[in-house]
Structure formats: C-alpha cells, structure tokens
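The next block holds one structure in the form of structure tokens; read it before the comments.
The values are calculated or read from the model by the stated rules, or taken from the named source; none is laboratory data. On a predicted model such as this, the values are computed, not experimentally measured, just so you know. Glycine also receives a Cβ, built like all others from the backbone with ideal geometry; neighbour counts cover every protein chain displayed. Note: areas computed on protein heavy atoms with side chains; ligands, DNA, RNA excluded. Shrake-Rupley method; radii C 1.70, N 1.55, O 1.52, S 1.80 Å.
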Amino acid sequence: QKEVEQDPGPLSVPEGAIVSLNCTYSNSAFQYFMWYRQYSRKGPELLMYTYSSGNKEDGRFTAQVDKSSKYISLFIRDSQPSDSATYLCAMSLTGGGNKLTFGTGTQLKVEL
Amino acid sequence: DSGVTQTPKHLITATGQRVTLRCSPRSGDLSVYWYQQSLDQGLQFLIQYYNGEERAKGNILERFSAQQFPDLHSELNLSSLELGDSALYFCASSVRGQGNYGYTFGSGTRLTVV
C-alpha cells in the first residue's frame, strides 16, 4: 500500500464547474501538505501549502486538511480550460522532513 | 520560468551507458532535490543536497550518484543504464534544507534508454 493514495482520473468537467481533488494518506506523522499542478511535459508547480489541519484559500483554490481522517482536498471554483493539468498532492513530516511524498496525480480536463 | 534550470531537456542513450544530468538551483536556494517521475511510480525522491553536503537519501539506486558543487549547481550521474531507467528526472530547489513549504521544480530531463 502506498503512503499517499490519489485517484488518477481522468476527471472531466465542464467550464465553470467546482472541482474536488482528494488524497488519502497512511502516515499520521505528516504535518505539511501541498498541492502541485503539472502541465504536460513541464515540472510541477506549487499551488498551495497548509500546515496541519484546517482550510486555506487562495483565489479560486481552497485546500482542506482533515488529519483525523488522513484526508486532504483541493477545490477549484469556476474551473477554466487553463486548469486542465495533472494535480499532485504532496506531504512532508514535521521536524524538518526533507523529502516530499507525492501522490501519483489526478489528471483534470476542463471542457468548454 | 521557475528559476531552476535543468539540462539537457531530452536525452536518448543506449543500455549500459552513463549520463550526467545537470541542475542549477534558483538564485539564493541552497538545497537541491532530485526526483524521478515514471508513469507507474509517480514522483520518487532520490536524493537531497544542502550547501554542498548530502542531506537525505531516498530510493536511489547504487548505479546512480549525485553531487552539489561549490557554486551550488548539482549533477546526477546515472550509469549502467537499463531500459527501466527511462523516466523524467526533476531537480528542485529550496532556500533552506526543508521541504515543508514546498520547493520549486525545474522542467525536467526526459531520459530514454533504448
């Protein structure tokens, strides 16, 4: 079983829809949670990071962490075709964990 | 442009050969991380350097090695290449030695072993 599980999709939604992307994890020591966006043939780009549980909002993006359920989510409001990409969740340990553990990514397509 | 520069962008080589991938971190970043991305495994952490010193090691094969030079650029050396080493290799950098707040990735080197 992988430490971080993510539904690979693909997920196809119409423009303007609210998108929900999720990851579950097994290691309760993870404290820092991130979402990356990766366009085809490009490197991952950091979208958001959160520490411990709670919500964080940045424009059309909202990240949620539920540590009790070991579940994190990324919501995208008013989705645009330019949001079409692969979304990767990532997490690291407390105390200065050096590496990020990534999910395998969810492929999202926003259609006109 | 993320500020992390990786060369070359593409590399095609034969089995048994050796290649070197190069990474220049973002200006001011002291830490460099190497990741391998394959279709079935996703992004896998290989190794981290901080200010010239190895800081953490992940699932890096013995055939692979890396180093960070005094000017902070890093090289990943892959030897005795096998077909299964075909993947995207990413370098990332951060200011400190911690990945807690995420780090910045380069555009990657696509390695194809034939």
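For the reader, a short list of remarks on this structure follows.
- For segment B:15-48, the tally of residues that are acidic (Asp, Glu) and either surrounded by 16 or more Cβ atoms within 10 Å (Cβ to Cβ) or under 15 Å from the mean Cα position of the chain (by Cα) (or both) stands at 1.
- Conditions (1) at pLDDT 95 or above; (2) away from chain A (no Cβ under 14 Å): number failed by B:Gly28: (1)
- Cβ-Cβ distances below 6 Å connect no pair with a first residue in segment B:42-71 that is farther than 15 Å from B:Asp29 by Cβ, a second residue that is of a type in the set (A, V, I, L, M) and open to solvent by 90 Å² or more (accessible area, probe 1.4 Å), and a separation of six or more residues or different chains.
- Filtered by the rule that a residue be under 25 Å from B:Ala14 (Cβ atoms) and within 14 Å of chain A (Cβ to nearest Cβ), segment B:67-105 gives B:Ala87, B:Leu88, B:Tyr89, B:Phe90, B:Cys91.
- Of the strands (runs of 3 or more DSSP E) that lie entirely inside segment A:1-102, those containing 2 or more residues that are within 22 Å of B:Gly106 (Cβ to Cβ) span A:30-38, A:45-51, A:85-93.
- Only one of the numbered conditions (1) surrounded by fewer than 18 Cβ atoms within 10 Å (Cβ to Cβ); (2) free of Cβ contacts under 8 Å to residues at least 40 places away in the same chain; (3) not in a loop (DSSP other than H, G, I, E, B) is violated by B:Ile12, and that is (2).
- Filter result (touching a Phe, Trp or Tyr at 6+ places or on another chain (Cβ under 6 Å), charged (D, E, K, R) and at pLDDT 95 or above) within segment A:71-106: none
- Every pair of residues 6+ apart whose Cβ atoms lie under 9 Å, when the first sits in segment A:1-13 and is open to solvent by less than 70 Å² (accessible area, probe 1.4 Å) while the second is β-branched (Val, Ile, Thr) and not in a strand (DSSP E or B): A:Val4/A:Thr104; A:Gln6/A:Thr104
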